[in-house]
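The values are calculated or read from the model by the stated rules, or taken from the named source; none is laboratory data. It should be emphasised that the depicted structure is a prediction, and the values quoted were computed from it without experimental measurement. Note: ideal-geometry Cβ built from the backbone for every residue, glycine included; neighbour counts use all protein chains shown.
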Ligand SMILES: Nc1ncnc2c1ncn2[C@@H]1O[C@H](COP(=O)(O)OP(=O)(O)O)[C@@H](O)[C@H]1O
Ligand SMILES: [Mg+2]
């Protein structure tokens, strides 16, 4: 649905030039919620603004729903933008218009007239749960309510895609959850493809089907959450299930097992203890519900070196579990010495 | 000489003030209308043709936009810096060309408009620049054309600041209209000169001052009220720091 290919963006020129995006490629499938996570300054806003060409990439192509936006004339681009709704961190509502007036703005722009416009705007305000605030000005609304208006405005023209630039970052945790639930509802009810950017892992956990990690203008990894979880060494997976620092474990083996889907409810530790007579200690565990499925990561300590534990580790891998040996390199060094 | 004890004095004073006020309102009203019609687009184009602005590249040419911006900047600066009394005299040939004469209220409209346009255009520029870039972006993301952005975002969102700017502009037009009156005749300014100064009538002078003061107060009260009415920011627009409230 959204295909970003080899997009780079450099601001300024000469000595003062900053490159915000380096050769970024991204694929967002129809109907999914795709999250881009990264720290402040990573280039997230530049990336999302490149998708509706609010920011024209210095290089690369952006294709949305079959239209290569980077090729379109200004007029065609404007038409294409109607398929792409956008919500903003600071809402960007017109202070001089009521909630309904703000939603109607989107409809006025595309030329929906009079009665139709009023009917449709009230319909959407109802969808976002703000039917009773149609006549309120933004100054009279809470942050969460303002963002609902922002979402309603973005949806007014029946877009196929919703872009969200840190839509919940100015909101408290509870409001964040309610807005994310709304986004999820819209995604399911209207079949909208959603690309959201955030610096909060919780947002990814709560609603995303797929994610990409952006750092210093580069995509480090991307894919469906399920596949990222089962990718060895995935930074995203590690940040989804933070287990903290690895404690000293001289002579012993520390492993991390990632469970996803069906493997989450298997009695793995009990099996290890039973089949290999191992004294397994659990150092940490994190379990989350991601995309409606249980997934998690457990850190275990097994007595003896990794070599000594080869058999049980291979057994676990044989069951389709992702097993990573923590600090293995250090232990190999130790074994050599 | 004028004698206040003369039974004809008060009706005469009333008549003169009535005519003078009427002429002042006529001059100021028409000049204000023309000022808005020309100054508003001018201010919008001034902001728009700046680098990164909405009309940065008219007809696809950044170079052209830049030239337009420079030329308009120059004209506005020139108009703002020439003292009014000089401008008025310098404009006499032009006024004669447009109106046929340089004497009287109608003729006075020409220099008043020309001095007020750059003044108001600057006010418009300030007001438009205050509009959050995020709002323009939001409208762009909805597929708005540049004119839709001007009409639906820039002007409405800066309306209360524009109204306050207009009120400052009208105050200065009234101010200048009195000056025009002394040279070209017409309006309360010429009443002050003809009766107050040349015929030593303090009563006329005081009456003119009070009348002008009252007109300015009414207009400013009206503007402040309207500005508040159009500001939905939860605080009166009059308290916003960047609005110049005096000339
Ligand atoms: N218009 C701009 N001009 C110059 N530099 C910019 C501009 N927009 C963003 N940048 C720079 O690009 C980098 C990425 O910014 P941004 O995309 O806003 O990051 P994020 O949204 O992840 O915080 C930053 O270094 C920022 O300073
Ligand atoms: Mg950002």
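Worth pointing out:
- On inspection, residue A:76 qualifies as within 12 Å of another protein chain (Cβ to nearest Cβ) and within 30 Å of residue A:27 (Cβ to Cβ).
- All positions within the stretch A:138-150 that are away from ligand 2 (no atom under 16 Å from the Cβ) and more than 8 Å from chain B (Cβ to nearest Cβ): A:141, A:142, A:143, A:144, A:145, A:146, A:148, A:149
- Verdict on residue A:89 being within 16 Å of ligand 2 (Cβ to nearest atom), within 10 Å of another protein chain (Cβ to nearest Cβ) and under 19 Å from the mean Cα position of the chain (by Cα): yes
- All conditions but one from (1) within 13 Å of ligand 1 (Cβ to nearest atom); (2) touching a residue at least 60 places away in the same chain (Cβ under 8 Å); (3) touching a helix residue (DSSP H, G or I) at 6+ places or on another chain (Cβ under 9 Å); (4) in a strand (DSSP E or B) apply to residue A:7; the one that does not is (2).
- Residue A:162 vs. criteria under 14 Å from the mean Cα position of the chain (by Cα), modelled with pLDDT of 95 or more and within 16 Å of ligand 1 (Cβ to nearest atom): no
- Residues of the stretch A:54-86 satisfying the condition of being within 14 Å of ligand 2 (Cβ to nearest atom) and in contact (Cβ under 8 Å) with a residue 40 or more places away in the chain: A:55, A:86
- Taken over the stretch A:165-193, the residue count meeting the criterion of being more than 16 Å from ligand 1 (Cβ to nearest atom) and closer than 25 Å to residue A:49 by Cβ is 14.
- Candidate set: the stretch B:142-187, residues that are within 12 Å of chain A (Cβ to nearest Cβ) and assigned to a loop (DSSP other than H, G, I, E, B); chosen: the one surrounded by the fewest Cβ atoms within 10 Å (Cβ to Cβ): B:145
- If the condition is being assigned to a loop (DSSP other than H, G, I, E, B), on the phi < 0 side of the Ramachandran plot and either away from ligand 2 (no atom under 16 Å from the Cβ) or in contact (Cβ under 8 Å) with a residue 60 or more places away in the chain (or both), then the stretch A:151-199 contributes A:156, A:157, A:159, A:160, A:167, A:169, A:170, A:172, A:192, A:199.
- The criterion of being farther than 30 Å from residue A:9 by Cβ, more than 15 Å from the chain's Cα centre (by Cα) and surrounded by 15 or more Cβ atoms within 10 Å (Cβ to Cβ) holds for residue A:182.
- Taken together, the criteria place residue A:83 among residues that are closer than 29 Å to residue A:228 by Cβ, surrounded by 15 or more Cβ atoms within 10 Å (Cβ to Cβ) and more than 16 Å from ligand 1 (Cβ to nearest atom).
- Residue in the stretch A:109-131 that is away from chain B (no Cβ under 12 Å), surrounded by fewer than 23 Cβ atoms within 10 Å (Cβ to Cβ) and at positive phi present: yes
Let's see how each residue does on (1) in a loop (DSSP other than H, G, I, E, B); (2) more than 28 Å from the chain's Cα centre (by Cα); (3) outside the structural domain of residue A:90 (by TED's automatic domain parsing):
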| residue | (1), (2), (3) |
| --- | --- |
| A:103 | no, no, no |
| A:108 | no, yes, no |
| A:111 | yes, yes, no |
| A:116 | no, yes, no |
| A:123 | no, yes, no |
| A:129 | yes, no, no |
| A:132 | no, yes, no |
| A:136 | yes, yes, no |
| A:146 | no, no, no |
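- First in the stretch A:300-325 and without any contact (Cβ under 8 Å) to a residue 40 or more places away in the chain and in the same structural domain as residue A:280 (by TED's automatic domain parsing), second anywhere and buried (at least 16 other Cβ atoms within 10 Å of the Cβ) and in a helix (DSSP H, G or I), Cβ under 9 Å, 6 or more apart: A:307/A:331
- Residue count for the stretch B:127-141, restricted to those that are surrounded by 19 or more Cβ atoms within 10 Å (Cβ to Cβ) and either out of contact with any strand residue (DSSP E or B) (no Cβ under 8 Å at 6 or more places or on another chain) or more than 13 Å from chain A (Cβ to nearest Cβ) (or both): 7.
- Single unsatisfied condition, residue A:134 versus (1) more than 16 Å from ligand 1 (Cβ to nearest atom); (2) away from chain B (no Cβ under 14 Å); (3) closer than 27 Å to residue A:30 by Cβ; (4) crowded, with 16+ Cβ neighbours inside 10 Å: (3)
- Applying the criterion of at least 1 residues that are farther than 26 Å from residue A:3 by Cα and in contact with a strand residue (DSSP E or B) (Cβ under 8 Å, 6 or more places away or on another chain) to the strands (runs of 3 or more DSSP E) found wholly in the stretch A:212-327 leaves A:253-260, A:281-290, A:293-302, A:322-326.
- For the stretch A:54-65, the criterion of being within 18 Å of residue A:164 (Cα to Cα), touching a strand residue (DSSP E or B) at 6+ places or on another chain (Cβ under 6 Å) and more than 16 Å from ligand 1 (Cβ to nearest atom) is met by at least one residue.
- Number of residues in the stretch A:92-103 that are surrounded by fewer than 23 Cβ atoms within 10 Å (Cβ to Cβ) and more than 9 Å from chain B (Cβ to nearest Cβ): the value is 2.
- Residues being surrounded by 15 or more Cβ atoms within 10 Å (Cβ to Cβ), more than 14 Å from every other protein chain (Cβ to nearest Cβ) and within 15 Å of ligand 2 (Cβ to nearest atom) - total across the stretch A:25-53: 8
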